[in-house]
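Just so you know, all these numbers are worked out from the coordinates, no wet-lab data involved. Everything numeric here is computed off the predicted structure, so don't read it as measured data. All Cβ positions, even for glycine, are placed from backbone atoms using ideal geometry, and neighbour counts span all protein chains on display.
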Amino acid sequence: MVYVDGFVLPVPKKKLNAYRSMAKKAAKVWKDHGALEFRESVADDVKVGKWTSFPRSVKLKRGETVMFSWIVYKSRAHRDKVMAKVMKDPRLAKMMQGKDMPFDAKRMIYGGFKVIVDA
């Protein structure tokens, strides 16, 4: 069964194009190192819930939107191998430097998931 890394993060709406550009470059890095899929999605029908919701999970601020992203691998072992290569890739290091990051990484939620239904 495949393995998925999932991400939820806030992006200022005025930086959405910069985020998209960065994500396209990151997708190339991950795919070059073996990731099967790399998806980035922007909130479309995401309401603030009374107790929990995507906006609450990232402490969404006025002028921001929520991104829901995932990367697919063959297995956990495959993901670990791909991530080791990705983390050493100078293209990724260059993207993550400086104050030009188009999102607040401190409010990003991420984790690895075992797929239990693949229909």
Report task. For each pair in K15/K106; K25/K61; K31/K85; K25/K47, compute the distance between the two Cα atoms and list the pairs where it is over 23 Å. Result -> K25/K61; K25/K47
Query raised in the report: Label D45 and Q97 with points 7 Å out from Cα along Cα→Cβ: what is the distance between them in nm?
Result: 4.3 nm
Report summary line: Other residues with Cβ under 12 Å from the Cβ of K59 give, with Lys and Arg +1 and Asp and Glu -1, a net charge of +3
Requested in this report: Please arrange T65, T52 by counting, for each residue, the other beta carbons lying within 10 Å of its beta carbon, fewest first.
Outcome: T52, T65
Query raised in the report: Once the piece of chain linking L16 and A105 is laid out straight, how much longer is it, given 0.36 nm per residue of separation minus the C-alpha distance between them?
Result: 30.6 nm
Requested in this report: Return the calculated 222 nm mean residue ellipticity for the chain, to the nearest 500 deg cm²/dmol, obtained by summing -39500 (n - 2.57) across DSSP H runs with n ≥ 4 and dividing by the residue count.
Outcome: -10000 deg cm²/dmol
Query - Label point distance in nm, L36-K88, each placed 7 Å from Cα along Cα→Cβ - result: 2.5 nm
Query - FRET efficiency, 1/(1 + (r/R0)^6) with R0 30 Å, evaluated for D118 and T52 via beta carbons - result: 0.70
**Report entry** For the chain, the Rg and Dmax computed from alpha carbons only, in angstrom
**Finding:** 14.8, 42
